[in-house]
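Written out below as structure tokens is the structure these notes cover.
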Amino acid sequence: MKIGYAQNTITPSLDKPVYLAGFGNNRRATAVHDDLYARALAIQTEQITLVLVALDLIGFFRPDVYEVIEKVNRPDAQIVIASTHTHHGPDTMGLWGPDQKTRGVDEEYMRGVKQKIADVILASLSTLEPTSVKWASVRVPGLIKNARTPEIMDDELTLLQFTTADGRPLTTMMNYPCHPEVLWDMNPNITSDYVHYLREEAEKRTGAPCIFFAGALGGMMTPDVKDHSFEEAEFMGKKLAGEGVKALRAVDSDPLSVNSQTADGERQTMDGNAVGGQWSAVSITKKVISAKLTNILYKLAFRRKLLPDVRDKNGCIATEVNLIKIGGLWLAAVPGELLPKLGLQLKAWMKEAGAQVAGVIGLANDELGYILPLEDFKYPWNPFKPGKHYEETNSIGKDITPKVMGALRELIR
């Protein structure tokens, strides 16, 4: 196995208005607290070339993803592009302009971002070097809450690390199910929120770059903080990074908890609990799905030309799910913000099918909003005053849930 890594800043210039996405309209950025990034991790075996890309953006629609893939022009490479879902970056979707009737996307910025993402993917593919891999997971309680259904909680940090033959870290991946919104709607600074501090701390502790992916962060899964400050974001990010690095180091120090990779790459199984491990099989399988859009607010956004209308003649939107396997770590990549009940179900299915550690990558190769359990989906009679059913007004509709879960169930089996 070989890996390559590259990153580039995608922070917008403040020479013209930048409308921050994720809360209300007319949130104009006044400063840059920390840079936003496109980060790419390329993984290559004799059978496959896979590139996982993380963007510090609110979301990236599927047509934009495939425009980038076309620019890359590497038919041999399987590419997944996911957004961290920061609520303090530029509007890349269209809903957060100066008012509710004006699109907030800077098309010139978008053109530049797409080229930068393509460039960073190609750069990651040009820096491939031999590696070993290990994975782990650890619960990190006390940092987040489920604001919609408090009794359903997923606080698992999913981890992957690539190392040299002598154990020196090359790249670390962290995956956690929480909105990057420690800072709140009054924040005028561009920032990747707690993700910035997580990556910075992980890189300080390992001496290697860190790439972060959002998990099943619907619900919504939000930071449980006393105040919406950079100090709280720093505490959360550093706590997650510290627990993650400690869990990865435990894979090396506890032989009863791992599967180890021999020098020739053969899997060697040891007894013990499966909290982490090492071997090198990599695969990705994709299933294209189509789901009907019924949300009247999205239909209104289409009429106002805030969002690109990609419905077919039947009112359906084509999207995709992916199942990624890297050794004993399995990742379900979903095209939106999965609620934690569904995320936990996917993890259970993957573990039943043979995964040692399982995770969910949200907002992967698309962003279709919230994906809710059918039994919990109740569209409010007045979507402008949704009350406890806000998530339904930011979902394409009920049809997306069985399509996503059914397709992934087939791939996992």
Is one or more of the residues making up region 169-185 more than 30 Å from I3 (Cα to Cα), surrounded by fewer than 21 Cβ atoms within 10 Å (Cβ to Cβ), among the β-branched types (V, I, T) and at pLDDT 95 or above? no
Within region 115-160, the count of residues that are under 20 Å from F212 (Cβ atoms) and out of contact with any strand residue (DSSP E or B) (no Cβ under 9 Å at 6 or more places or on another chain) comes to 2
For region 190-207, which residues satisfy the criterion of being more than 13 Å from E243 (Cα to Cα), under 18 Å from the mean Cα position of the chain (by Cα) and assigned to a helix (DSSP H, G or I)? Y194, V195, H196, Y197, E200
Name the pairs whose Cβ atoms lie under 6 Å apart, with the first residue in region 57-70 and more than 15 Å from G89 (Cβ to Cβ) and touching a residue at least 24 places away in the same chain (Cβ under 8 Å), the second small (G, A, S) and buried (at least 20 other Cβ atoms within 10 Å of the Cβ), and 6 or more positions between them or separate chains? V68/A118
Out of R39, R74, sole residue that is under 30 Å from A165 (Cα atoms) and not in a strand (DSSP E or B): R74
Criterion violated by F162 - all others in (1) assigned to a loop (DSSP other than H, G, I, E, B); (2) in contact (Cβ under 8 Å) with a residue 60 or more places away in the chain; (3) not aliphatic (A, V, I, L, M) satisfied: (1)
Note down all Cβ pairs under 8 Å where the first residue falls in region 225-240 and is within 14 Å of H179 (Cβ to Cβ), the second is acidic (D, E) and part of a helix (DSSP H, G or I), and they're at least six residues apart or on different chains. V225/E232; G237/E200; G237/E201
Taking the conditions exactly as written (modelled with pLDDT of 95 or more, in a helix (DSSP H, G or I), over 15 Å from F23 (Cα atoms) and of a type in the set (A, V, I, L, M)), does A123 satisfy them or not? yes
Count - residues of region 372-385 that are without any contact (Cβ under 8 Å) to a residue 24 or more places away in the chain and not in a loop (DSSP other than H, G, I, E, B): 1
For N322, state whether it is modelled with pLDDT of 95 or more and not in a strand (DSSP E or B). no
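Considering only residues that are of a type in the set (S, T, Y) and either under 13 Å from A118 (Cα atoms) or assigned to a strand (DSSP E or B) (or both), look in region 42-70 and name the one that is nearest to the chain's Cα centre (by Cα). Walk me through it before giving the result.
Taking region 42-70 first, the residues of a type in the set (S, T, Y) are 45, 49, 66.
In the following step, the residues that additionally are either under 13 Å from A118 (Cα atoms) or assigned to a strand (DSSP E or B) (or both) were identified as 49, 66.
On the way: T49: 20, Y66: 17 Å.
If we take residues in region 42-70 being of a type in the set (S, T, Y) and either under 13 Å from A118 (Cα atoms) or assigned to a strand (DSSP E or B) (or both), then Y66 is nearest to the chain's Cα centre (by Cα).
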Take region 3-36 and flag every residue that is within 22 Å of M174 (Cα to Cα), among the β-branched types (V, I, T) and not in a strand (DSSP E or B). I10, T11
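Can you tell me how many residues in region 355-371 are touching a Lys or Arg at 6+ places or on another chain (Cβ under 9 Å) and either modelled with pLDDT under 95 or in a loop (DSSP other than H, G, I, E, B) (or both)?
5
Filter region 386-410 down to residues that are in a helix (DSSP H, G or I) and surrounded by fewer than 19 Cβ atoms within 10 Å (Cβ to Cβ), then give me how many there are. I'd like the intermediate steps shown before the answer.
Narrowing region 386-410 to residues in a helix (DSSP H, G or I): 387-389, 391-394, 400-410.
Checking the rest, the ones that are also surrounded by fewer than 19 Cβ atoms within 10 Å (Cβ to Cβ) come to 387-389, 402, 406, 409-410.
The number of residues fulfilling the criteria is 7.
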Just need a number here: residues in region 77-111 that are in a strand (DSSP E or B) and in contact with a Phe, Trp or Tyr (Cβ under 7 Å, 6 or more places away or on another chain). 4
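The values are calculated or read from the model by the stated rules, or taken from the named source; none is laboratory data. Everything quoted here is computed from the prediction, not taken from an experiment. Positions of Cβ are generated from backbone atoms using ideal geometry, with glycine treated the same way; all protein chains shown enter the neighbour counts.
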